[in-house]
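Read the structure below first, then the notes.
The values are calculated or read from the model by the stated rules, or taken from the named source; none is laboratory data. Fair warning: this is a prediction, and the values are worked out from it, not measured in the lab. So basically every Cβ, Gly included, is an ideal-geometry build from the backbone, and we count neighbours across all protein chains shown. In case anyone asks, the SASA skips ligands and DNA or RNA and just uses the protein heavy atoms, side chains included. Shrake-Rupley method; radii C 1.70, N 1.55, O 1.52, S 1.80 Å.
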Amino acid sequence: RATMKSLRFISAEAFVSNAEFARKSLGCVAHNLFPLLFKASYLLEQGEVLHDLVENWPFVDFNMGKLLGTTVDCQEDLSYRTCSVCLESCLTGLRDYVLSRPSPYMKRLKVVDLTGIKDVEVQFCECKKTMGRWARTQLLSKLCLELLLYFQQRQCNPGTFEISVDVLIDLFVTERNYELVVQALLKKCYCPLKICCVAFRSDNLALQKFFYIIKLTDPSLLRKLEVVHNVRLEMEHLEMLFNSIHFPLLTSLTLPARTFNVRRFTATDEQRLMNIGEKMGEMAQLTELSMSFSVLTGRIQKLLSPLKTPLKMLDVSNCSLNHTDMVYLANSFHANHLEALDLSGHNIPDLYPSIFFKLLSHCSSVLKSLTLEDCNIQDTYVNMLILGLSPCQKLQEFRFLGNPLSSQALKHLFKFLCELPMLKNVEFPVPRDCYPIGITYPIDDASLCRFDHQKYESIAEELNLILLQANREDVKASTPLFGSYDAALQETNNELGAYLIKSFKETLEKFTTSLNKMS
């Protein structure tokens, strides 16, 4: 992977490539060269040099995103490399920064920002071993507790070192690392490294534990809250959460499946929904909202109309929206600001063809990401879809898996997609003609992989050739059968699987007990 490098950066690479020499010479290096040496060491995976650079960091702030991002000396963005060797070296270097002998003129560090690290599917680091968000949460918590133990064993007061470093991080907590993270947050005030949670994700966690840890994170600083898999947060719990905790800086909220279900609404539930909408309206910064797999039929206006800030991202996939909901979305002040929209799981051609295009036209000047998976988009609808997408000149991502489209329709669509100048990523369905005749949509999981793989590969080649002939090698086209890559899910899938098996076992035991009582 060739990339533009300055002579300065090439020299820095040469310097750090001899780890032993570089470590011995750091004391003689001008401070303004530390950022350059840091990025060169990260690129070459020189863990020991990275450790020493962080241990002796001479500046007030240490921002991983800026240090690893595109710079004048090296245009390659390394913030997408979650290299385990490099990240562990950085974090242990941070711990040793605190432990190294006091030197007042050197100890200036006040803020460490780890939030710029991006978790992606394909890694280019040599070791091929990543340290995801969950593992970073685990390691930082462990290092904070190690510091406290060190001070305790030497009967030192951490406060006497006069070192206090705010560490900004996106925490990811599950049942497996819950106790460790709780201990680190509880003892935060005694530790020189202060965990500052900017974004919080929770999976596989009992509701009581979720409520406890979210209060420990200091919600007043929280910008992003994701409650995703196996946290049984229903509407009454969400109302309780918003009534007891304020999130003044929250910009992004993701709620778990089935948080709302209007099919079994009572008058009390209607009032709850209004209260939740009003509480979200008080979050002046909220611009991203994900509520997939809830049942919100006819209630979207009640939930979104109190918001005072227009949404830039809205995920209402598989939310059973009706025509009234779509009319509200198309005419709301959110429509003109939506940069990302997910309407998957709605039968767009049959339920609201014209109003969907009205919504699309309103957000076309800003729309960057559109997801229309399992929307019953058929060949006869492709020309209408092209017409609707034509004004969306800023579109970067288009996902439409699970739609019953033939190979001919896909080729027609791809020829149009080549004309969208900003497009980078397309996720397209397996063509209908690759499946056995009579297949019904949406396709169940058991039948999803039962298609003619050889025929699919041939068609995929033709589609990529269309991109190639239009000089659009920059567009990545793929068919991830089981959905887009989720770094957090990938990292904790073993725990998720174990949790699901346990949950299934408990359900069976309850069912058996009920049967025994009946008999």
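If you wrap the tightest convex hull around every Cα atom of the chain and split its volume per residue, you get 191 Å³.
I'd like to know which of 470, 193, 70 lies farthest towards the positive end of the charge dipole of the chain, counting +1 on Cβ of Lys and Arg and -1 on Cβ of Asp and Glu. Toward the positive end, the furthest listed residue is 193. In the context of the full set of protein chains, region 220-501 has a per residue accessible area of 45 Å² (1.4 Å probe).
Could you please report the charge total around residue 315, scoring K, R as +1 and D, E as -1 over all other residues with beta-carbon less than 9 angstrom from its beta-carbon? Net charge in that neighbourhood comes out at -2. Its Cα centre serving as origin, the chain has a Cβ charge dipole (Lys and Arg +1, Asp and Glu -1) of approximately 1100 debye. When the Cα positions of 487, 441, 150 are compared along the charge dipole of the chain, 150 comes out farthest toward the positive end, with charges on each C-beta of Lys, Arg, Asp and Glu. Note that region 372-389 has calculated 3J(HN,Hα) couplings of 10, 7, 6, 10, 6, 7, 10, 3, 5, 9, 4, 4, 5, 4, 4, 4, x, 7 Hz, one per residue in order, obtained from phi through the Karplus relation 6.51 cos²θ - 1.76 cosθ + 1.60 (θ = phi - 60°); glycine and proline are x.
Of the accessible area of region 220-501, computed with a 1.4 Å probe over protein heavy atoms only, carbon and sulfur atoms account for 52 percent.
Which number do you get for Rg(Cα) / (2.2 N^0.38 Å) in region 220-501? Don't jump to the answer; show the numbers that get you there.
Numbers: Rg = 19.7 Å, N = 282, 2.2 N^0.38 = 18.8 Å.
This ratio for region 220-501 stands at 1.05.
Of the residues 19, 228, 124, the one whose Cα sits farthest towards the positive end of the charge dipole of the chain is 19 (charges of +1 on Lys and Arg Cβ, -1 on Asp and Glu Cβ, taken about the Cα centre). Over all other residues within a Cβ to Cβ distance under 15 Å of residue 435, the charged ones net out to -4, with Lys and Arg as +1 and Asp and Glu as -1. The calculated 222 nm mean residue ellipticity attributable to helices in the chain amounts to -13000 deg cm²/dmol, summing -39500 (n - 2.57) over DSSP H runs of n ≥ 4 and dividing by all residues. With 0.36 nm allotted per residue and the present C-alpha distance subtracted, the residue 489-residue 445 stretch has 14.0 nm of extension available. Using the Kirkwood radius built from alpha carbon pairs, what does the Stokes-Einstein equation give as D for region 259-327 at 10 °C and 1.306 mPa s, in µm² per second? After rounding, the answer is 129 µm²/s.
Using R₀ = 45 Å, calculate the FRET efficiency as 1/(1 + (r/R₀)^6) where r is the Cβ-Cβ separation of residue 212 and residue 361; round to 0.05. Spell out each step's value before the answer.
Numbers: r = 46 Å, r/R0 = 1.03.
My answer for the efficiency is 0.45.
Which net charge results when you count Lys and Arg as +1 and Asp and Glu as -1 among the other residues whose beta-carbon is under 15 Å from that of residue 485?
Numbers: positive: 118, 133, 399, 424, 476; negative: 119, 121, 373, 397, 427, 486, 491.
Charge balance near residue 485 sits at -2.
Of the solvent-accessible surface of region 7-131, computed with a 1.4 Å probe over protein heavy atoms with every protein chain present, carbon and sulfur atoms account for 55 percent.
Rounded, prolate or oblate: which fits region 1-135, taking a ≥ b ≥ c as square roots of the Cα gyration tensor eigenvalues, rounded meaning a/c under 1.5, else prolate when a/b beats b/c? Please report the intermediate quantities before stating the final value.
Details: a/c = 1.60, a/b = 1.22, b/c = 1.32.
Here region 1-135 falls in the oblate category.
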